[in-house]
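One structure is given here, and the rest of the page talks about it.
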Amino acid sequence: VITQTNYSRERFHWPKRSLGQNVAVFRSQNFSVEAQLIFIRRMKTLSHWSQATVKLRPRGRGFHLVTTEVIAAVPELDQFAIGMLQVFIQHTSAGLTLNENAEADVRGGRATAANQLCPESSPFIHTCEGPDDMPAHVKASLFGSSVLIPIREGRLALGTLQGIYLCEHRDRASGRSL
């Protein structure tokens, strides 16, 4: 904790609370320029990045909840007091979305809506990889290739009923990489 008379680097320490809470405490005080510089240097040393690849097993067409698999791939998540988790899919015929994870029939409803938006019966020219390929590219563009989720106190700050979904648009896709 920094005080007016206790701002030297040797005595500078952080109590066990989130970075956001420490920033709030710091801003509520009237500190010297030197103390502010020490604080800023300390903030820079707290910057932390982590990257992982998640290999998902093959799944059929549909919307598949993958929140647990994503969290398992980032075991150091609990070390982040505040941050952002970006999940990116490295494929062009599948997408990612955040949506309700409580009711299974919601997943089916999303699949029905996606298939109505872009049916396989549309007159596509690109058909060499099968009739589900071009519609899969279009649907993947509509849903997007990434999601960005806030991290708060070592956990994903998802809404009560939110989950991360793989939007698989191919009938028989290979495993996907996030």
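Taking each residue as 0.36 nm, the span from Ser121 to Glu69 lengthens on full extension beyond its C-alpha to C-alpha distance by 15.3 nm.
Count the net charge of all other residues whose Cβ sits under 13 Å from the Cβ of Val66, scoring Lys and Arg as +1 and Asp and Glu as -1.
That works out to +3.
Summing +1 for each Lys or Arg and -1 for each Asp or Glu among the other residues whose beta-carbon sits under 15 angstrom from that of Cys128 gives -3.
If R0 is 22 Å, the Cβ-Cβ spacing of Ala102 and Ser177 corresponds to a FRET efficiency of close to 0.20. Amide H to amide H distances under 5 Å link Ala157 with Ile151, Arg152, where only residues 5 or more positions off or on other chains count and H is placed in the peptide plane.
Charge tally around Lys55: other residues with Cβ under 10 Å, Lys/Arg +1 each, Asp/Glu -1 each, net +1.
Accessible area per residue for the stretch 124-178, computed on protein heavy atoms with a 1.4 Å probe, is 51 Å². Within the accessible area of the stretch 77-178, the carbon and sulfur atoms contribute 52%, probe 1.4 Å, all protein chains present.
Once the Cα-Cα distance is subtracted from the 0.36 nm per residue extended length, the Trp49 to Glu76 segment shows a gain of 8.7 nm. Each part reduced to its alpha carbon centroid, the stretch 46-122 and the stretch 123-173 end up 7 Å apart.
The values are calculated or read from the model by the stated rules, or taken from the named source; none is laboratory data. Fair warning: this is a prediction, and the values are worked out from it, not measured in the lab. With ideal geometry, Cβ positions are generated from the backbone for all residues, glycine too; neighbour counts draw on all protein chains shown. For the accessible areas, the whole protein counts, side chains as well, though only heavy atoms, and no ligand, DNA or RNA atoms are used. Shrake-Rupley method; radii C 1.70, N 1.55, O 1.52, S 1.80 Å.
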